[in-house]
1. Return the FRET efficiency for the residue pair F117, S291: r is the Cβ-Cβ distance, R0 is 41 Å, and the value is rounded to the nearest 0.05.
2. Could you pull out which residues in region 165-186 have an amide N less than 18 Å from a spot 7 Å beyond the Cα of D124, following the Cα-Cβ vector?
3. Find how much the distance from T95 to L199 grows on full extension, using 0.36 nm per residue of separation minus their present alpha carbon separation; answer in nm with one decimal.
4. Using 0.36 nm per residue of separation minus the Cα-Cα distance, give me the extension gain between N213 and V244 in nm, one decimal.
5. Anything over 32 Å Cα to Cα? Flag those among K71/K243; K116/K195; K226/K289; K54/K177; K54/K106; K170/K238, in the order listed.
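Each value in this text was obtained by applying a stated rule to the coordinates, not by laboratory testing. All values reported here derive from a predicted model rather than from experimental measurement. FYI the Cβ positions are ideal-geometry reconstructions off the backbone, even for glycines, and counts take in every protein chain you see.
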Amino acid sequence: MKKKSLAVLLCIALTLGTIGCSNGSKINTEKTKTATTNNSQISSSKNEQEVTFKRDINKNGVEENIKVIFKCEVQEKGLKDAIPIRAQSYEIHVTSGDKHYTYEAKDISNVIPDVKFADFDTKDNYIEFYINSEGQSDDNNSAIYRFDGNNIKKICDTAGFISEYDREGKIYSEYSKTHDKYAVTLSYYDINKGKVQFLNKNSLIGKKLQYDNSLILFTDYTDKSKSYKSCIDDNSGKEEVQKVISNYSKYSIVKVCDPNEVLTITDIDNTYHGLFKEGKERNIRVKVKASDGKEGWLEWLNGGD
């Protein structure tokens with residue numbers, strides 16, 4: 001009898017213990033709206049989200065207190081398709097010793113309320129941090145900031161989200177490489193030179209490309225004032241694909257490449273489009289030779305306005 005009672009009590013204790021572990025953290029999170037991950041803290045209110053960190057971001061051996069306050073849009077309740085919370089402005093606060101520094105970013109579209117730290121160049125005296133924004137029409141970018149001990153400085157806005165970096169000053173975004181099987185590097189941001197660097201086209205000529213969708217190759221004589229896009233969504237159906245192709249003059253199209261057709265780079269031009277006269281890394285124009293020997297330009301491979 002005693003053994004049976006002890007067994008029952010043990011089961012009850014285990015059950016209560018399991019309930020306490022699974023629900024306790026959930027109830028605590030819902031009440032305080034605060035979660036801690038490593039040395040960061042996230043706090044939310046109705047239209048603000050605040051993240052705080054303790055990091056040595058100027059490599060002087062002393063941790064700074066970093067706080068970013070995101071001014072978020074209030075989301076309507078009851079929406080079937082919930083829109084992720086996004087901010088339209090934010091404030092950066094850094095406290096170093098007894099001094100306080102502030103930077104305010106306004107009129108930004110669809111900021112993701114999160115902060116990422118990166119030591120882009122291990123040889124310098126800084127650990128940068130960056131904040132991603134989705135822009136107005138899928139114009140993703142990462143805003144990079146640096147605290148130099150005296151000021152919070154914005155280093156740059158990358159075209160596209162940061163995807164990787166080499167820890168020697170080269171930063172690659174989602175638009176730095178072609179989005180195909182070979183992922184050929186076309187450009188990168190050099191944080192030490194403070195500008196985008198385009199790879200010499202002579203080093204790119206002869207490299208292969210292979211996309212898993214159909215592509216339109218355009219002639220040399222396209223109208224610069226018009227929009228040309230090479231990528232075709234093959235899943236949209238034959239009729240829709242034909243509509244896309246028929247939008248262009250037959251004199252502007254060399255051919256439509258098949259999915260997975262191997263293409264060879266023969267030229268690069270990042271200054272063609274009217275808006276990008278000084279060069280832009282997002283939609284670099286790439287001339288290729290198809291498997292049948294025909295040559296044409298791949299246009300607007302990464303999309304956007």
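1. Details: r = 45 Å, r/R0 = 1.10.
Once the sixth-power term is evaluated, E becomes 0.35.
2. Label zone hits: 165-173.
3. Residue separation times 0.36 nm, minus the Cα-Cα distance, leaves 33.5 nm.
4. Values: separation 31, 0.36 × 31 = 11.16 nm, distance 1.40 nm.
Gain on stretching N213 to V244: 9.8 nm.
5. Working: K71/K243 42 Å; K116/K195 21 Å; K226/K289 23 Å; K54/K177 34 Å; K54/K106 25 Å; K170/K238 42 Å.
Violating the 32 Å Cα-Cα cut-off are K71/K243; K54/K177; K170/K238.
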